[in-house]
Amino acid sequence: MYNLEQLRMFVEVARTGSFSACARKLGKVQSSVSQGIANLEIDLDVTLFDRRTRKPSLTLKGEHLLAYADAVLQQTYEFDSALKALHHHHETKLILAIDDALITSVLEKVLSRFTLQFSTTTLSIHSVTSSDVVELVRSGGADLGLMFSEMLFPKDVDICYLGNLPFYAVVSPKHPLANYAEVSASDLIPHRQLIIKGEHGASVQVPIISAQTWRGNNFSLLADLVGLNFGWSYIPSHLVEKGINSGDLCQLKLSFGHKDWRVPVERIMSKNKAMGPALTWLANELTHLF
């Protein structure tokens, strides 16, 4: 019966184009590789290489089986990696709860490094409102949370301030407020305001000014509704800058806002959560997001 070592020889000979190069790659003598391939062909009852030329070339059957052999070796590598991770007490899975507006290019780079560092740890990402992040972490439904501050300090979670994000007040170019050189609070009151609200209450500390409100559960939805001229809203700057630059959205100049409205961002974790290597690494990396 063929074995993994023979499959490695088969794949390496196909990649390098010679038995000698394969032997050097695997740290074996050439005769061992030649005999291993010959035994594999006997076990499979298939000729894998045409040896009539100076360099062995794959037969049609060999070409067909090469991808399968490579897949078996890759699965073996994944199995060995998973076993190694268990021996090092790496977590098998983690759950990250995050406000959708905090899924930025910087976070994507952190997650890419996480993949390289903990390739066998499954990461589940739940995109929810900030108020729902708190509940998921508190209930054990998430190991780690990224959220906008709610200015509350729940006693059963650990909170770490990371920095803040600017919010812009925006409208559609078709909205009446788009024609104002400067907008006061009283100007905003008659016009519908679009705000965030999750399953567990209002979210994000931005002022509610208008008499009439519509509510959505993520900022991408609010940005779309603003673009469709359903009202005005405070939205994280990185989600609307492209629309502002293209003319699809209009940033309001607020008479009561000398600077952009900035909302604190926090990382939260359960106080009773056991910290394995993967969670420890991710929690530390997230502190450098801002």
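The values are calculated or read from the model by the stated rules, or taken from the named source; none is laboratory data. Just so you know, these numbers come straight off a predicted model, no measurement behind them. Here the Cβ positions follow ideal geometry from the backbone for every residue, glycine too, while neighbour counts run over all protein chains shown. Ligands, DNA and RNA are excluded from the accessible area calculation, which covers all protein heavy atoms including side chains. Shrake-Rupley method; radii C 1.70, N 1.55, O 1.52, S 1.80 Å.
Figures for the structure shown
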{"quantity": "Any hit, the range 151-168, residues being farther than 22 Å from F256 by Cα, in contact with a helix residue (DSSP H, G or I) (Cβ under 9 Å, 6 or more places away or on another chain) and open to solvent by less than 10 Å² (accessible area, probe 1.4 Å)", "calculated": "yes"}
{"quantity": "Cβ-Cβ under 6 Å pairs, at least 6 apart or on other chains, the range 269-289 side more than 20 Å from T122 (Cα to Cα), far side of a type in the set (V, I, T) and surrounded by fewer than 18 Cβ atoms within 10 Å (Cβ to Cβ)", "calculated": "L289/V106"}
{"quantity": "Test: residue in the range 120-132 that is at pLDDT below 90, among the β-branched types (V, I, T) and surrounded by fewer than 17 Cβ atoms within 10 Å (Cβ to Cβ)", "calculated": "yes"}
{"quantity": "Within the range 18-73, considering residues that are among the charged types (D, E, K, R) and assigned to a helix (DSSP H, G or I), the one surrounded by the most Cβ atoms within 10 Å (Cβ to Cβ)", "calculated": "E41"}
{"quantity": "Subset of the range 169-203 that is within 31 Å of the chain's Cα centre (by Cα) and either under 10 Å from C250 (Cβ atoms) or of a type in the set (S, T, N, Q) (or both) - its residue that is surrounded by the most Cβ atoms within 10 Å (Cβ to Cβ)", "calculated": "V170"}
{"quantity": "For S186: the one exception among (1) among the polar types (S, T, N, Q); (2) assigned to a loop (DSSP other than H, G, I, E, B); (3) without any contact (Cβ under 8 Å) to a residue 24 or more places away in the chain; (4) over 27 Å from D132 (Cα atoms)", "calculated": "(2)"}
{"quantity": "Qualifying helices (runs of 4 or more DSSP H) (wholly inside the range 203-290; at least 1 residues being under 14 Å from F167 (Cα atoms))", "calculated": "219-227, 237-246"}
{"quantity": "Residue in the range 151-166 that is in a loop (DSSP other than H, G, I, E, B), touching a His at 6+ places or on another chain (Cβ under 9 Å) and touching a residue at least 60 places away in the same chain (Cβ under 8 Å) present", "calculated": "no"}
